[in-house]
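Quick notes on the structure that follows.
The values are calculated or read from the model by the stated rules, or taken from the named source; none is laboratory data. Note that the coordinates shown come from a computational prediction; the quantities given were computed from them, not determined experimentally. Here the Cβ positions follow ideal geometry from the backbone for every residue, glycine too, while neighbour counts run over all protein chains shown.
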Amino acid sequence: MPITTTKSAYRKGVVDASPFVLVIIPFASLFGLLATEAGLNVFETLTFSIVVIAGAAQFTALQLLGDDVPTAIVLASALAVNLRMAMYSASLTPWIGGAPVWQRALAAYMTVDQSYVAAITQYERDPQMTVPQRMAYFFGTVTPVVPLWYIFTLVGALVGASVPDSWALDFAIPITFLAMIAPMFRTAAHVAAALVAVIVSLIAVDVPYALGLIIAGVAGMITGAQVEAWMERIKPGSTAR
Amino acid sequence: MIDKTSLWIVIIGLGIGSFFLRFVFTGLVGEREMPPWLLRHLRYTAVAILPALVAPQVLWPSGTDGQFDLPRISAAVVTLSVGLVTKNVLAAILSGAATLYGMLYFLG
């Protein structure tokens, strides 16, 4: 389905992000359950999901709050988990920086891993898209994700029963991310970036405040850029988008 | 029991902080040109961050308190392989989930 209008861009975004529904529903429900188990009422739990919309950071904050960690440390740790969002923002800027500021602000509020990855993959695959089409695509990718994040947080909070460990819901997010990574290995530079990022993330796993992720991400990005530059030198034009 | 004042400080602080992180470049840089060396690095953001986010979870899953877990490793390998072969996100998610639950069931 080629993108010819903003409407078709929006629709393609919805379609491309629809597989994430399978993951968002259990993940949001789990947050609702754990939050109520930790003593939050339904209003507090739902507000948390609406104000923050960031699964990993919300789980981190909830766990640390439950462990009686000082408030400032809770906040710093959860924000560190979300630092990657600043890198997503930088990466999106060349593509959507020209959109009206209210659209960029709305997109920023709804930037989650799934919408970012779907969008950046589409922008790179079809560089001819106009800025309004790119924004429409982005809002398409959040349509199946964000409302369900709110709704199933609420469902989880209302149901309030605990989920047995045997359901293995902890692994819903790793599986989604792995499925999203696979189509990204377009060049040797992408493969090298991912390999280095994985190795560094495993070495840096005990670095406090979740900063190991940022260190690993930066190491992977430097590797990708270096390999790309090296490939350009031996074979000009080989990495042109 | 979670203290309500701390809770609200965290909800509001995390909301504002997360918005700032998500808006810092798209909002403040906007249409201004970024230097080519920076763009070259930013092209690898997704392909570096996502694997780095997942790798420790695959080897040391939180669901098993960090113990190596054959069903989870197998599910990860199957998801990535199906994704690489088919380039289809949904097919990769479904085959990974089938592997995870199949192995959890058979290994009891």
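For the reader, a short list of remarks on this structure follows.
- Among residues of the stretch A:32-54, those that are part of a helix (DSSP H, G or I), buried (at least 23 other Cβ atoms within 10 Å of the Cβ) and either touching a residue at least 40 places away in the same chain (Cβ under 8 Å) or more than 7 Å from chain B (Cβ to nearest Cβ) (or both), counted: 5
- Residue that is farthest from the other protein chains (Cβ to nearest Cβ), among those in the stretch B:9-53 that are of a type outside the set (A, V, I, L, M) and part of a loop (DSSP other than H, G, I, E, B): B:Pro35
- Put simply, of A:Pro26, A:Pro19 the only residue that is surrounded by fewer than 21 Cβ atoms within 10 Å (Cβ to Cβ), in contact with a helix residue (DSSP H, G or I) (Cβ under 7 Å, 6 or more places away or on another chain) and over 19 Å from B:Met1 (Cβ atoms) is A:Pro26.
- Selection from the stretch B:55-72 of residues that are surrounded by fewer than 16 Cβ atoms within 10 Å (Cβ to Cβ) and more than 8 Å from chain A (Cβ to nearest Cβ): B:Thr64, B:Asp65, B:Gly66, B:Gln67, B:Phe68, B:Leu70
- Here B:Ile12 meets the list (1) at pLDDT below 95; (2) surrounded by 14 or more Cβ atoms within 10 Å (Cβ to Cβ); (3) β-branched (Val, Ile, Thr) almost entirely, failing just condition (1).
- Enumeration of residues in the stretch B:1-50 that are among the polar types (S, T, N, Q) and under 21 Å from A:Val81 (Cα atoms): B:Ser6, B:Ser18, B:Thr26, B:Thr45
Here's the yes/no breakdown for (1) at the interface with chain B (Cβ under 7 Å from one of its Cβ atoms); (2) surrounded by fewer than 22 Cβ atoms within 10 Å (Cβ to Cβ):
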site: A:Phe171; (1), (2): yes, no
site: A:Thr187; (1), (2): no, yes
site: A:Gly212; (1), (2): no, yes
site: A:Ile222; (1), (2): yes, yes
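- Residue within the stretch A:142-163 that is surrounded by fewer than 21 Cβ atoms within 10 Å (Cβ to Cβ), at pLDDT below 95 and within 10 Å of chain B (Cβ to nearest Cβ) present: no
- Selection from the stretch B:73-105 of residues that are within 7 Å of chain A (Cβ to nearest Cβ) and of a type outside the set (Val, Ile, Thr): B:Ala75, B:Ala76, B:Leu80, B:Gly83, B:Leu84, B:Lys87, B:Leu90, B:Ala92, B:Gly96, B:Ala97, B:Leu100, B:Leu104
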